[in-house]
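Quick notes on the structure that follows.
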Amino acid sequence: MMQSNYFNLSFKNPVIAASGTFGFGQEYKAYYNPSILGGISAKGITLEARRGNSGIRITETAGGIMNSIGLENPGVESFLTDELQQMSNIDTVKIANLGGSTLETYIEGARLIEEHNKKVKANASTLLHTVVDLVELNISCPNVKEGGIAFGITCEGAEKVVREVRKVLSIPMAVKLSPNAENIVNVAKTCEYEGADGISLINTFSALKIDIKKRRAVFDNVYAGLSGPAIKPIALKMVREVSKAVKVPVIGMGGITTAEDAIEFIMAGAHLIQFGTASFINPYAGKDIVEGIEAFMKEENIKSLDEIRGII
Amino acid sequence: MYKIISNQQIGNDFYIMTIEGSFEAKPGQFYMLRGMGSFMTLSRPISVFDVEEDKIAFMYRVVGEGTKYFSKLKEGDEITLYGPYGNGYPVSEYKDKKVALIGGGMGIAPLFYLAKQLDNAEIHLGLNSRDLTAEQKQYLGQLYATHAPTTIHIDTDMSEKLDFSKYDAVMTCGPEIMMYKLTKMHEDVYVSLEKHMGCAVGACLSCTCEVGGKRVKVCKDGPVFKGSEVSYDDAIKLL
């Protein structure tokens, strides 16, 4: 009923766990089987391993959270040979979220993923069996200085990185955009023009919180990424604008915590949706959203989500 | 949702909340507590104070909006909790050993249940004079003394005051600076680290730090670690 095909991949439902909130797929197994999800976008990876940012990394705001993890990750190579392989028993679309600090690190990271998939498909290794189904190119992490967001703010930045990564990547690729972009619709159109197979939006908003007693920013990095229900109405508007401007599939996200939220994003034009912060509010969020969409479809006698997609 | 049996103030900003239900947890493990439906976006990691057959208790301190909300809950109100999470203290290895349990500030919370499961523990609670009135100090001392001999140290640096040579091990929880100092006093120290947490299951990497030369997740790999392996980056910054 909820099954659909995008990027030549079959999604059992439109619900995907957002990168950075669902680890490498294993972490929420105590709550539900992650194979019920349409997809899992694994924790963002970069060419080299990163320790992440110092100081406080997460705090609560009204209706949201701010995070400054700073892309702590084991590096592309370790991800491909270790964490990704451990995901083999999860029957879902496996998405690698790839960030970078320079154009070269994006290209090299993408090249390693491409090579890995070829190696697995050629049965070149007995230890490697799981491929990356989709790359989510992260040009929107606000928490790394000199980080990927530099490429996501302007059309020129996006053009350069998407064009060069596309040259080395035959795997389907969605580009994850920042709400801090000068003009997110134009950035989306640029990505589409340069060969992106999909657009994923939005990443967190760059934001600030101050500890007035200590007279300093709460985060060592000063700014941090705002997510959660607080950003949902803005995210929804951006998803609607972008999905009207591009022809490629749109993965919508930003504060989705319930099935009702997810359906709003689909009505605004999203083909697939992601939930993130929701898992911190409710560890069963992914399961609740999948079941909630199905229940809504039955209730409203909706046979396919295409009937309601983009109706607003 | 679970029903609150009582929510008792036991010090200045210190409370013990008792919740009805059947729970199984180890000393040093924690639960994620939350209220206000989805309006509280992050649950609060609170360590287990005590577990009995049909109830669980948490000792917490009011430090922000979340804990302020907890402090206003009354008997019969409902609360959501997930858990238990984390590894807990190594109880079975030290069951009959002489162990000093040293808590500082809110770090006294896990030591009650820990003392209950050890046969030969000695409790030292370090608090500030502003934390407790004379009556509250007496009450707290008597409460902890039900499980092991208890001394309350007010405005004291316990790392300088105690004779550590008589213990087989030290298990501690409290400010990182205190645990850092204690780690230098004894070779067998177990510390419980505190970090801001998001998911409690090792997914968000909000609480990672360096232990034994590796990146660890405090929520999942900890919160209890061998003191000698912890890097104490934040504490050393304060020295």
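The values are calculated or read from the model by the stated rules, or taken from the named source; none is laboratory data. Everything numeric here is computed off the predicted structure, so don't read it as measured data. Glycine gets a Cβ as well: all are built from the backbone with ideal geometry, and neighbour counts include every protein chain shown.
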The lone condition B:D234 fails out of (1) out of contact with any strand residue (DSSP E or B) (no Cβ under 8 Å at 6 or more places or on another chain); (2) modelled with pLDDT of 95 or more is (2)
Restricting attention to segment A:199-214, the residues that are surrounded by fewer than 24 Cβ atoms within 10 Å (Cβ to Cβ) and under 21 Å from A:V248 (Cα atoms) number exactly 0
Picked from segment B:187-222 (must be touching a Phe, Trp or Tyr at 6+ places or on another chain (Cβ under 7 Å) and touching a residue at least 24 places away in the same chain (Cβ under 8 Å)), the residue surrounded by the fewest Cβ atoms within 10 Å (Cβ to Cβ) is B:L193
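Condition first: of a type in the set (A, V, I, L, M) and part of a helix (DSSP H, G or I). Now tell me which residues in segment A:270-312 satisfy that.
Going through segment A:270-312, the residues of a type in the set (A, V, I, L, M) turn out to be A:270, A:272-273, A:278, A:281, A:285, A:289-290, A:293, A:295, A:297, A:302, A:305, A:308, A:311-312.
Listed by number, the residues that qualify are A:A278, A:I281, A:A285, A:I289, A:V290, A:I293, A:A295, A:M297, A:L305.
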Check: Can you find a residue in segment A:148-158 that is within 18 Å of A:R50 (Cβ to Cβ), in contact (Cβ under 8 Å) with a residue 60 or more places away in the chain and in a helix (DSSP H, G or I)?
Finding: no
When restricted to B:S159, B:S231, B:S165, the only residue within 13 Å of another protein chain (Cβ to nearest Cβ), farther than 30 Å from A:G276 by Cα and hydroxyl-bearing (S, T, Y) is B:S231
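Only residues that are assigned to a loop (DSSP other than H, G, I, E, B) and more than 14 Å from chain B (Cβ to nearest Cβ): list them for segment A:1-32, please.
First pass over segment A:1-32, keeping only residues assigned to a loop (DSSP other than H, G, I, E, B): A:1-3, A:7-8, A:12-14, A:18-32.
Those that are assigned to a loop (DSSP other than H, G, I, E, B) and more than 14 Å from chain B (Cβ to nearest Cβ): A:M1, A:M2, A:Q3, A:F7, A:N8, A:K12, A:N13, A:P14.
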In segment A:229-254, anything of a type outside the set (G, A, S) and not in a helix (DSSP H, G or I) is listed as A:V246, A:K247, A:V248, A:P249, A:V250, A:I251, A:M253
Taking segment B:19-31 and the residues there that are in contact with a Leu (Cβ under 9 Å, 6 or more places away or on another chain) and assigned to a strand (DSSP E or B), the one that is nearest to B:G88 (Cα to Cα) would be B:Y31
In segment A:100-135, residues that are buried (at least 22 other Cβ atoms within 10 Å of the Cβ), within 14 Å of A:M173 (Cβ to Cβ) and modelled with pLDDT of 95 or more total 7
Here, strands (runs of 3 or more DSSP E) confined to segment A:33-144 with at least 3 residues that are within 14 Å of chain B (Cβ to nearest Cβ) are A:58-61, A:64-67
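This table checks each residue for (1) of a type outside the set (S, T, Y); (2) in contact (Cβ under 8 Å) with a residue 24 or more places away in the chain; (3) assigned by TED's automatic domain parsing to the domain that holds B:L132.
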| residue | (1), (2), (3) |
| --- | --- |
| B:L42 | yes, yes, no |
| B:S47 | no, yes, no |
| B:E52 | yes, no, no |
| B:I56 | yes, yes, no |
| B:Y60 | no, yes, no |
| B:G64 | yes, no, no |
| B:F70 | yes, yes, no |
| B:G76 | yes, yes, no |
| B:I79 | yes, yes, no |
